[in-house]
Amino acid sequence: MFQIIKKIIRNQIRNPKWFLFLLIFPIFLMVLIGSILSGAFSDKSNLTMVDVALLNQSEGISAEVLDALSSASVSIEEDYGIRINYTDTLEDGKREARVNKKVFVHMNKDKMQVYGNESEPLNTARVVALFRSVACSIQTVKEAYKIDGENALQLIGTDNANYEVAVEMIPSENALSSYDYYGVAELTLMVLYLMLIPLGDLFTDKRTKVKDRIMLTGLSRGKYYAASLIAYSLIGLVVFIPAFIFSITYLDVNWGAYPPLMYLYIVLFAIFNAALGMLIAKLLKSRGKVDVLLSVLIIPIFSFLGGSYTPFPYDMEGTFAKVLLVSPLRWANIGIFRSIYADDNGVLFFSAAAFALLTLLCLLVIIVKDKREELKA
Amino acid sequence: MKVIEIDNLVKKFGDHTAVNGLSLTIEQGEVFGLLGPNGAGKSTTINLVCGLLHATSGDVKLFGKPADAEKSKLGFVPQNIALYDNFTAYENVKFFGELYGLRGKELESGIDEALEFTGLSDVRRKKAKTFSGGMLRRLNIAAALVHNPQLIIMDEPTVGIDPQSRNHILKSVQRLNEKGVTVVYTTHYMEEVETLCNRIAIIDQGKVIASGTKKELTALIDDKKSLHFTVDNAFELSKEELGQIEGVINVEIGDNEVQVESLKEVDNLHAIMEYVSHKQVKVRDIGFRDVTLETVFLTLTGRKLRD
């Protein structure tokens, strides 16, 4: 058996196409998809600072708005993301809006004119909203004084006037970032691709009839396939280590309290995929059919349902949630995420047991099928 | 001692009968040739002997025991190049040696001998994928020799290789036989069988249609004669027209060589020369030669070996 293990590993070293693919591609995918889809997971505001060019020729209500803004207890820049710079002429202000995409506010006597760059409508809206809200407040207070000065004074003079919405900032450290998600999901996706190595090897052994020659040496079929599975398991154990370490050290992916144990779980999933690859190679005679089956059905469906590209919540319920469970990737991903974020190891243990049992089942089916073929031959 | 005993062997693949009641006995120390056209059932017979296929009926014994029990005494050179092209010559031979249970000095000497024997010692550290077709065929043989088997079965080992490698393989087979190894050699190249084999079985449609030494086989058709002549412009001659001459049973026309097989009792030399002269073809050399196994096969089956 040792000779078969050694042969498979040596073959991978000599022809490392798939090995390198599995070694490097997870890192590439984690970084690429993690960064592209970071917006969907971001725990920080993605609003950018708005620069305002202000031409102050204010009188009346406009001047009052500026006074209110400058004397406000909150920082317009820090809390609202609006930075005000003054400009000297109307032309300068318009140029700032046109060229530098600033929002130009012209406080013209008691009127306020806003010029926004058409490529940044949201920035313009934010500035308009701020100035309008301040102006409205001032006017409202004025009207209130007109109607009932005593009451208005009482109202504004109390703490009620400083009424603020209570805001509590929740720490973001436990939030799932895009790298936390795709660090896990892309690694498990690439584990699925491990099945391509045994597929290629077993088809080559079959095509060149090397397997027949091996059988003539007296090695049993059981030992041949068991040794092959051990070799692919060793490859699975080694090949994903760089991506796993990279995810922790460079992407700060959360693998829970015991990352090495989580890696062992991934290796178990890899062994299952190797066994699945061996089974497919055994069941299908044509390499062409296998390639179509993998590229059109198995890998796209498993990866989509598994959440490799589109994250599906791990606590989903209903029919679609059951459909998602068709993919073993989904089992693996749910197992990992529930263990890390919900402190629930149930799915992890259950899926680990399922992968182990299914691996043995695949091996059994392969050996029985091979034996039947031998007797039929 | 009987090395291989095949008794009434039948192998069916669905409706097709590949081997049809084949019986053979091969003695120790023989180089036994299985000669037959493609699809005659040679490889199927070999695979049945090796245990790679299961017989529909019949029996195969190796060294007087059921074939499965004596597999380790057998070295098999398959028709395919059953090797790892990313491995060196040494690694390929070592892989199979280890699978046969060889270890340590026994393994190393087995590898050395096998590579030496096949003339690959100088390229032992080169990967198989850098080898020519002939070198790969030789390495294919080396991998079957590493465990010093008493019986070597070679399934068309010279298909598609250059004459130099072919000669090397043929000489290797002779040297193996001199060492006392029994060789079973299948081919559809009649010349190889004539050169190598002590005994020959001609197989067609899954049956042995004749077996014996070359002399015994050619004696089966001692009523035939074979006229060979070398000419300058053989293209002027017509197989059909030569075939119409009385007594002619087969005509082969090459670039400059012409071979006419005839019945011995018919004196048609004059008629043949008259036809050649009529076609204004210049004859350089002429003479009768021994009847070949090709003629034997043609006579027995009505078909050519390479049809």
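The values are calculated or read from the model by the stated rules, or taken from the named source; none is laboratory data. Note that the structure is a prediction, hence the values are computed from the model and not measured. Reconstructed Cβ throughout: ideal geometry from the backbone, glycine too, with neighbour counts over all protein chains shown. Side chains are part of the model used for accessible areas, which takes the heavy atoms of the whole protein and leaves out ligands, DNA and RNA. Shrake-Rupley method; radii C 1.70, N 1.55, O 1.52, S 1.80 Å.
Numerical summary
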quantity: Proximal lysines to B:LYS2, defined as alpha-carbon separation beneath 18 angstrom and excluding residues fewer than eight positions away on the same chain; calculated: B:LYS61, B:LYS65, B:LYS71, B:LYS73, B:LYS179
quantity: Estimated Rh, the protein assembly as shown: Kirkwood, alpha-carbon pairs, angstrom; calculated: 33.0
quantity: Using alpha-carbon coordinates, inclination of helix A:2-14 to the longest axis of chain A, degrees; calculated: 50
quantity: Accessible surface buried upon A-B contact (total; probe 1.4 Å; Å², nearest 100); calculated: 2400
quantity: Using a Förster distance of 22 Å, the FRET efficiency for A:SER286-B:VAL159 (Cβ separation, nearest 0.05); calculated: 0.35
quantity: Helix B:163-178 axis, angle to chain B major axis (alpha carbon atoms, nearest 10°); calculated: 60
quantity: FRET efficiency, B:ASP285 to B:ASN167 (Cβ-Cβ, R0 30 Å, nearest 0.05); calculated: 0.75
quantity: For region B:2-218, average projected area of the Cα convex hull in nm²; calculated: 11.6
quantity: 10 Å Cβ neighbours from other chains, averaged over peptide B:82-91; calculated: 4
quantity: Listed residues B:SER262, B:GLY243, B:VAL281: farthest to the positive end of the dipole of region B:242-297 (Cβ charges); calculated: B:VAL281
quantity: Angle in degrees between helix B:133-145 and the longest Cα principal axis of chain B, rounded to the nearest 10; calculated: 50
quantity: Counted charge near A:THR188, where neighbours are those whose Cβ lies closer than 15 Å (Asp, Glu -1; Lys, Arg +1); calculated: 0
quantity: Within the accessible area of region A:1-125 (1.4 Å probe), percent carbon and sulfur; calculated: 54
quantity: Ratio Rg/Rh, restricted to region B:82-176 and using Cα atoms, in which Rh is the Kirkwood radius; calculated: 0.93
quantity: FRET E, pair B:HIS270, B:ASN198, Förster distance 45 Å, beta-carbon r, rounded to 0.05; calculated: 0.70
quantity: Euclidean distance of C-alpha centroids, region B:22-42 and region A:303-323, integer Å; calculated: 63
quantity: Dipole magnitude of region B:159-298 about its Cα centre (Cβ charges: Lys, Arg +1; Asp, Glu -1), debye to nearest 20; calculated: 700
quantity: Gained length - A:ASP343 relative to A:VAL238, 0.36 nm times residue gap less alpha-carbon distance; calculated: 35.0 nm
quantity: Protein accessible area in region B:2-218, 1.4 Å probe - carbon and sulfur %; calculated: 44
quantity: For region B:223-290: Kirkwood Rh in Å [reciprocal of mean 1/r, alpha carbons]; calculated: 11.7
quantity: Local electrostatic count, A:ASN333, Cβ distance below 13 Å [Lys/Arg +1, Asp/Glu -1]; calculated: -1
quantity: Ranking by accessible area, most exposed first, for A:MET262, B:MET273 with a 1.4 Å probe; calculated: B:MET273, A:MET262
quantity: Per-residue mean of C-beta atoms belonging to partner chains within 10 Å, peptide A:14-24; calculated: 1
quantity: Three principal axis lengths of region A:269-348 [C-alpha, angstrom, descending]; calculated: 44, 24, 19
quantity: Occluded residues from region A:185-229, i.e. those whose accessible area drops by 50 Å² or more once the chain is not alone (1.4 Å probe); calculated: A:VAL210, A:ARG213, A:LEU216, A:THR217
quantity: Shielding score for B:69-78, defined as the mean number of other chain Cβ atoms within 10 Å; calculated: 2
quantity: Per residue solvent-accessible surface (Å²) - the protein assembly as shown, probe of 1.4 Å; calculated: 49
quantity: For peptides B:256-263, B:144-151, sequence by mean Cβ density within 10 Å, most packed first; calculated: B:144-151, B:256-263
quantity: Unit charges on C-beta of K, R, D, E only; dipole of the protein assembly as shown, Debye; calculated: 2280
quantity: Distance (nanometres) between label positions extended 7 Å along Cα→Cβ at B:LYS179 and B:LYS127; calculated: 2.9
quantity: Label point 7 Å beyond Cα of A:ALA257 along Cβ direction - residues of region A:345-375 with amide nitrogen under 12 Å; calculated: A:345
quantity: Values of log10 I(q)/I(0), in the order q = 0.10, 0.21 Å⁻¹, for region A:199-313 under a Debye, Cα-only, solvent-free model; calculated: -0.42, -1.25
quantity: Kirkwood Rh (inverse of mean 1/r, distinct Cα pairs), chain A, angstrom; calculated: 25.9
